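The values are calculated or read from the model by the stated rules, or taken from the named source; none is laboratory data. Keep in mind that what you see is a predicted model, and the values were worked out from it rather than measured. Every residue, glycine among them, receives a Cβ derived from its backbone with ideal geometry; neighbour counts consider all protein chains shown. SASA here: full protein model, heavy atoms, side chains in, ligands and nucleic acids out. Shrake-Rupley method; radii C 1.70, N 1.55, O 1.52, S 1.80 Å.
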Amino acid sequence: MWDLTLPSLCATFEKYFTVGNIVTPEELDDAELMAMYKHHYNSVTAENAMKPEAVSSAPGVYNFEHADKIVKWAEENKMMLVGHTLVWHAQSAKWLNRNEDGTPLPRAQAKANMEAFIKEYVGRYSGKIYSWDVVNEAFIDSSGSEPYNGNWRDYLRRETENPRAVGHWYLAYANGAGEGESGADYMFDAFYFARKYDPKAILYFNEYNEEFPHKRHAIVDMVNDLNAEWRAHPEYDGRLLVEGIGMQSHHNHIHTDVDRVRAALELYSKTGTKISITEMDFTFGSESEPANPLSPEESKKQAETHAALFALFMEFSAHIERVTLWGKNDGQSWRKWGSPHLFDENCQAKEAFHAIISLVK
Ligand code: GLA
């Protein structure tokens with residue numbers, strides 16, 4: 001049972017940023033859950049229902065039933081709605097960039113498919129979506145031993161199998177690239193088409209492990225390059241093309257280092273884009289255990305690190321417009337083994353919840 005006498009997360013952080021979470025279309029029919037949602041959150045992302053494969057399975061075939069339901073609910077409840085996501089290596093139908101056998105489509109066909117998809121999807125909700133995660137997870141996880149080489153294009157995903165490097169859009173755009181062109185050109189096109197079919201939406205690039213050195217440099221250089229290319233474009237509209245950097249923030253107690261998050265925020269805030277924390281969860285248990293209750297020490301550490309991160313977000317709130325948590329309680333999380341949320345599986349507020357609330361005086 002949710003306790004709605006607890007302080008509201010979004011009201012607590014109102015002066016700093018909006019606070020969001022994820023929903024499924026079915027959850028919107030659960031009145032008790034939605035009462036909790038409206039108590040704590042003022043922005044919303046669809047957990048899966050607005051991913052590419054959820055809206056289109058074949059050329060010209062679209063199913064907007066679930067997305068429509070979420071868009072309508074967000075409008076009726078005055079939620080800031082995030083469109084998640086358009087151009088991604090995962091959870092996307094083959095027709096966009098691959099043949100049936102998995103080989104890449106020719107560049108021109110992939111580009112035409114990208115435009116058709118974005119026109120149909122983004123165009124349908126034009127004016128109703130606050131921001132789009134236009135491109136999700138474009139960069140590889142680099143081993144980190146060699147220094148960043150200064151060329152963001154070298155760090156784009158472009159493999160067919162390795163889950164940490166799969167990049168179907170890159171491979172298709174490379175298939176038939178002419179002089180001066182490369183697989184990396186899909187990035188500009190994705191943002192260009194999103195701007196074209198919903199000029200009001202704020203366009204984000206969204207990434208995980210986004211605070212690690214190679215990725216953070218590649219992201220910043222990519223954002224600056226695409227924005228420079230847009231400034232020189234005949235249709236330049238006086239705005240940035242990539243207007244936001246989404247930091248997924250899937251943290252864990254082994255690798256997360258608050259100083260590294262600070263370093264990323266410092267770099268990102270210099271690009272002139274907005275920043276959002278887009279999918280935050282913070283695991284503490286071991287990966288091998290199912291639903292793992294935290295020890296008192298782990299609970300304390302989870303509270304301290306949440307508080308340190310939220311304090312950082314408040315410090316950078318001139319740049320951060322939204323903090324979205326990827327799960328409402330430990331029981332329903334995709335990383336439930338690590339008890340990653342502010343509420344436990346019985347919906348009781350954890351130490352981490354009280355720790356972040358007490359940051360705001
Ligand atoms: C990525 C995606 C999310 C979601 C999570 C796992 O971070 O951006 O949409 O799929 O993985 O739930």
Any residue that is small (Gly, Ala, Ser), more than 22 Å from GLY246 (Cβ to Cβ), more than 16 Å from the ligand (Cβ to nearest atom) and free of Cβ contacts under 8 Å to residues at least 24 places away in the same chain - is there at least one of those in the range 24-35?
yes
Looking only at the range 78-117, count every residue that is in contact with a Gly (Cβ under 6 Å, 6 or more places away or on another chain) and more than 16 Å from the ligand (Cβ to nearest atom) and tell me the total.
2
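Applying the selection to the range 331-349, what residues are part of a loop (DSSP other than H, G, I, E, B) and open to solvent by less than 30 Å² (accessible area, probe 1.4 Å)?
Result: SER333, ARG335, SER339, PRO340, HIS341, LEU342, CYS347.
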Which of the following residues is in a helix (DSSP H, G or I) and either under 26 Å from LYS274 (Cα atoms) or among the small types (Gly, Ala, Ser) (or both): HIS39, HIS66, HIS89?
HIS39
LYS51 passes all but one of the listed conditions (1) charged (D, E, K, R); (2) open to solvent by less than 60 Å² (accessible area, probe 1.4 Å); (3) more than 16 Å from the ligand (Cβ to nearest atom); (4) touching a residue at least 40 places away in the same chain (Cβ under 8 Å); the exception is number (3)
Go through the range 162-218 and count every residue that is aromatic (Phe, Trp, Tyr) and over 30 Å from ASP259 (Cβ atoms).
9
Might you check whether a residue that is more than 29 Å from MET36 (Cα to Cα), surrounded by fewer than 17 Cβ atoms within 10 Å (Cβ to Cβ) and in contact (Cβ under 8 Å) with a residue 24 or more places away in the chain occurs anywhere in the range 78-90?
yes
Restricted to the range 221-270 and to residues being within 16 Å of the ligand (Cβ to nearest atom), assigned to a loop (DSSP other than H, G, I, E, B) and under 17 Å from the mean Cα position of the chain (by Cα), the residue surrounded by the most Cβ atoms within 10 Å (Cβ to Cβ) is SER249
Sole residue being out of contact with any strand residue (DSSP E or B) (no Cβ under 6 Å at 6 or more places or on another chain) and without any contact (Cβ under 8 Å) to a residue 24 or more places away in the chain, chosen from GLY272, GLY331, GLY238
GLY238
Answer yes or no: is there a residue in the range 3-19 that is crowded, with 17+ Cβ neighbours inside 10 Å, among the aliphatic types (A, V, I, L, M), at pLDDT 95 or above and under 30 Å from ALA108 (Cα atoms).
no
Answer from ILE118, ILE129 - the residue that is assigned to a loop (DSSP other than H, G, I, E, B), touching a strand residue (DSSP E or B) at 6+ places or on another chain (Cβ under 9 Å) and surrounded by 17 or more Cβ atoms within 10 Å (Cβ to Cβ)
ILE129
Answer yes or no as to whether LYS328 is within 16 Å of the ligand (Cβ to nearest atom), charged (D, E, K, R) and assigned to a loop (DSSP other than H, G, I, E, B).
yes
For VAL323, are the conditions met, namely being touching a residue at least 40 places away in the same chain (Cβ under 8 Å), assigned to a loop (DSSP other than H, G, I, E, B) and hydrophobic (A, V, I, L, M, F, W, C)?
no
For VAL71, indicate whether it is open to solvent by less than 20 Å² (accessible area, probe 1.4 Å), more than 16 Å from the ligand (Cβ to nearest atom) and outside any helix (DSSP H, G or I).
no
Please go through (1) within 16 Å of the ligand (Cβ to nearest atom); (2) on the phi < 0 side of the Ramachandran plot; (3) within 18 Å of the chain's Cα centre (by Cα) for ALA218 and return the number of the only condition it doesn't satisfy.
(1)
Here are some conditions: (1) touching a Leu at 6+ places or on another chain (Cβ under 7 Å); (2) within 16 Å of the ligand (Cβ to nearest atom); (3) farther than 23 Å from PHE13 by Cβ. PHE205 meets all but one. Which one does it not meet?
(1)
Is it true that some residue in the range 283-294 is in a loop (DSSP other than H, G, I, E, B), under 19 Å from the mean Cα position of the chain (by Cα) and within 16 Å of the ligand (Cβ to nearest atom)?
no
